[in-house]
Protein chains: 2
Amino acid sequence: MSIGAATNGAAGLPVPSHNTQAAATATTSPYQHIADFISNVGKFKIIESTLREGEQFANAFFDTETKIKIATALSEFGVDYIELTSPCASPASRADCEAICKLGLKAKILTHTRCTLEDAKTACDCGVDGVDVVIGTSSFLREHSHGKDMAAITKQALEVVNYIKSRGVEVRFSSEDSFRCDLVDLLSLYRAVDNAGVHRVGIADTVGCASPRQVYDLVRTLRGVVKCDIECHFHDDTSCAVANAYSALEAGATHIDTSVLGIGERNGIAPLGAFLARMIVAAPEYVKRKYDLHRLKDIENIVAEAVHINVPFNNPVTGFCAFTHKAGIHSKAILNSPSTYEIINPEDFGMSRYVHFAHRLTGWNSIKSRVEQLGLHMTDAQVKLLTTKIKAMADVRPLAIDDADSIIRAFHLDLQERDTTKIWEN
Amino acid sequence: MSIGAATNGAAGLPVPSHNTQAAATATTSPYQHIADFISNVGKFKIIESTLREGEQFANAFFDTETKIKIATALSEFGVDYIELTSPCASPASRADCEAICKLGLKAKILTHTRCTLEDAKTACDCGVDGVDVVIGTSSFLREHSHGKDMAAITKQALEVVNYIKSRGVEVRFSSEDSFRCDLVDLLSLYRAVDNAGVHRVGIADTVGCASPRQVYDLVRTLRGVVKCDIECHFHDDTSCAVANAYSALEAGATHIDTSVLGIGERNGIAPLGAFLARMIVAAPEYVKRKYDLHRLKDIENIVAEAVHINVPFNNPVTGFCAFTHKAGIHSKAILNSPSTYEIINPEDFGMSRYVHFAHRLTGWNSIKSRVEQLGLHMTDAQVKLLTTKIKAMADVRPLAIDDADSIIRAFHLDLQERDTTKIWEN
């Protein structure tokens, strides 16, 4: 079976249409999404950081043209904010930041700088809509990175926040490595910048250590301390970034950082596509209305090409096997109703499903469906006999779709000419 | 910068040794793991399903030799159980199951069958240590798959459980699509099989719809209803499989299903490596004592080769960029203390970290470290001047490590011969 066939679904078995809504609601289980006044699962915003966090990915080198192409595609996709590398990082970073601000994109343009007046001034001078400032507050960072104590950090934070506000620009203040900070220090600092009128505070799992219940607890606590929006940034070192983002929204966070395919420092952050796969299950109408999901695959391809990587085989939604069904018991049910084994409708993302039938785990329902797809006619008893034959051959070596179709056609030809049962039972 | 260099770390900057333990405890934040008598985070077992769930992966066709190689490697790695495709799936599946049972591996051998007496008998005849039986119980599956009502399901479950126990074999009973089942139906069924002496009940997120808080709530509720062990199986359609597994253990689950690289139906289940990345952060001593983590990369390579896939670029632990650091601010801190930006010690898995320095986001600390690594001597002021030069060149095009080293050596040569400052400031 070729990967191409599985990806575009052209050779897949035809199945009835899909209804995600029904899947999400047609049960009496209490373990479903219920109204929760604190949750922002149905009204989150995306801060897309491919051009900031993503530039810290090992393979990333974005020239001006590529940055503009990615920024434009993300804005058309519908992300709320696009975050760029600090203009202080290098002369080209500054020039690119200025150029992207002048494009007049629908998405707001942010840049991400150290928490200093100098960096904040440079950022504002570039024409950004907002500045995301960050400072390390964990005991690890205080000891090994900048070495400042909390009083000094608070003073510096307030100066920078007030300066950026005075320039009429949106400002976010974030700690780094928030889950290893002292909780009281963190809440004191955030309350101080909230009182100074910061637009957002940021929680960052810089090392990827947080688990969903830790995230829920910290964001829920913070939600009771500050009035401003809450942005969250999760690294994926332990594969919890998307689940942590979801838990944060349940606890009242408002903004989630993503990057295309998750690229960033080490193995990166919450990937845009995987995050939206999670969110479309929870808030299908909001996600489908707000984001042009059919563009996802193209955007991923643009970024994958720019940083010389392959889209992972198991990438949610766009990975080649995301909607491929194989086991006999699964295929039978999928053919009756896709919602049985699919929580996401591939069509929402312009993708197709594919039901595998040429392998030893196959069931006769899949073969029957393929027989019909080929325009042939057989009784159920004949299809069952044919299925045994295909399974026996697929038990010896992998069968390509052409092989299986040849067996089906040969069997059908025999049916029309003679006593097939005897010949094929040998 | 070549990927090879990043992977083996040979060209990376030298950094002090790593202390995960310190990272996990040296803070006063309450958002850390605290003693919790219900949690099994520190004493979980792994049911490795590459040879069952993994065989349902689109590209999978394992011949006998490959199955034996994978089973042996997994047993040596230290997984508790190895789950095989049902011997009823095909004649080769049966022969392979019998062959693997005869290997005398340290891991217990399970097979996974439909909940029927016929399948259970065939499984027991193969010599397995345990049979995992499964039946669809969600309203979706009852309508579109087998069509049985709950009374009939319960009767059938008890017959099969009693039969397998009568053969002296371990038995697990699982529902399919547990998160879309009626809760009362589910708990009634599980209590019935628990009273019949089933060894484990299984919760399966067959469609990948569950979120961590749903998982915690359902497993926590079930923990209060049954005395037996609780196994959990999470699909990764919305990137929550590992986080869900972790939440399940926190709520009292005892066994987690994994597959190598997560291969399985659609985009698969919780990957063995990613799951252990999560667990080593939470329970470092248990994980390091129980599993031979240095074998992980080899096992992933065996499976990737067998199913013709590449290890994803962002795979936790073994992906080429898992321990690569790039931003100037990160590299500076990593050079002082790895725990600052790493929650996992790469050495625990036989991997190395790599600090990128030949790019426009670099900082002078990284360059200084590289200068020292090359055995050269410069003052800090000289290194800062050199850094400006390297950043300027990396701003125009990507720099290979050789390019950067050439610049460093040329600069150093000039230092020894003449008034470098003037020349390099041009």
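The values are calculated or read from the model by the stated rules, or taken from the named source; none is laboratory data. Just so we're clear, the structure is a prediction, and the values are computed from it rather than from any experiment. So basically every Cβ, Gly included, is an ideal-geometry build from the backbone, and we count neighbours across all protein chains shown.
Here is how the numbers come out for the structure above:
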| quantity | calculated |
| --- | --- |
| Some residue of the stretch B:267-276 being in a loop (DSSP other than H, G, I, E, B), within 12 Å of chain A (Cβ to nearest Cβ), at pLDDT 95 or above and under 18 Å from B:Arg52 (Cα atoms) | yes |
| Qualifying positions in the stretch B:52-65 - of a type in the set (A, V, I, L, M) and touching a residue at least 40 places away in the same chain (Cβ under 8 Å) | B:Ala60 |
| Qualifying residues in the stretch B:251-266 (those that are closer than 26 Å to B:Gly319 by Cβ and not in a strand (DSSP E or B)) - the one farthest from the other protein chains (Cβ to nearest Cβ) | B:Val260 |
| Any hit, the stretch A:48-65, residues being touching a strand residue (DSSP E or B) at 6+ places or on another chain (Cβ under 9 Å), over 23 Å from B:Phe357 (Cβ atoms) and within 14 Å of chain B (Cβ to nearest Cβ) | no |
| Filter result for A:Ala333 (in the same structural domain as A:Tyr81 (by the TED database), of a type outside the set (Ser, Thr, Tyr) and touching a helix residue (DSSP H, G or I) at 6+ places or on another chain (Cβ under 9 Å)) | no |
| Condition check for A:Lys165: in a loop (DSSP other than H, G, I, E, B) and either over 30 Å from B:Ala270 (Cα atoms) or out of contact with any Phe, Trp or Tyr (no Cβ under 9 Å at 6 or more places or on another chain) (or both) | no |
| Out of B:Phe313, B:Phe323, sole residue that is on the phi < 0 side of the Ramachandran plot, modelled with pLDDT under 95, touching a Ser or Thr at 6+ places or on another chain (Cβ under 9 Å) and among the hydrophobic types (A, V, I, L, M, F, W, C) | B:Phe323 |
| Pick from the stretch B:377-408, criterion at pLDDT 90 or above and not β-branched (Val, Ile, Thr), ranking: surrounded by the most Cβ atoms within 10 Å (Cβ to Cβ) | B:Leu386 |
| Residues of the stretch B:361-376 classified as at pLDDT 85 or above and of a type in the set (A, V, I, L, M), total | 3 |
| Failed item in (1) part of a loop (DSSP other than H, G, I, E, B); (2) within 8 Å of chain A (Cβ to nearest Cβ), with B:Val198 passing the rest | (2) |
| Residues (touching a strand residue (DSSP E or B) at 6+ places or on another chain (Cβ under 8 Å) and facing chain A (nearest Cβ under 10 Å)) located in the stretch B:214-248 | B:Val215, B:Leu218, B:His235, B:Asp236, B:Ser239, B:Cys240, B:Ala241, B:Val242, B:Asn244, B:Ala245 |
| Residue count, the stretch A:81-115 (criterion: more than 12 Å from chain B (Cβ to nearest Cβ) and β-branched (Val, Ile, Thr)) | 4 |
| Pick from the stretch B:341-365, criterion under 21 Å from B:Gly262 (Cβ atoms) and at the interface with chain A (Cβ under 7 Å from one of its Cβ atoms), ranking: surrounded by the most Cβ atoms within 10 Å (Cβ to Cβ) | B:Ile344 |
| Per-region count, the stretch A:326-360, residues at pLDDT 75 or above and hydrophobic (A, V, I, L, M, F, W, C) | 7 |
| Selection within the stretch B:177-226 - modelled with pLDDT under 95, closer than 22 Å to B:Leu158 by Cβ and among the polar types (S, T, N, Q) | B:Ser178, B:Ser188 |
| 1 or more residues surrounded by 16 or more Cβ atoms within 10 Å (Cβ to Cβ) and acidic (Asp, Glu): qualifying helices (runs of 4 or more DSSP H) within the stretch B:30-142 | B:91-101, B:117-125 |
| A:Val171 being surrounded by 24 or more Cβ atoms within 10 Å (Cβ to Cβ), at pLDDT 95 or above, over 31 Å from the mean Cα position of the chain (by Cα) and at negative phi | no |
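Every residue, every condition in (1) more than 7 Å from chain B (Cβ to nearest Cβ); (2) assigned to a loop (DSSP other than H, G, I, E, B), yes or no:
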residue	(1), (2)
A:Tyr286	yes, no
A:His294	yes, no
A:Phe313	no, yes
A:Cys321	no, yes
A:Ser339	no, no
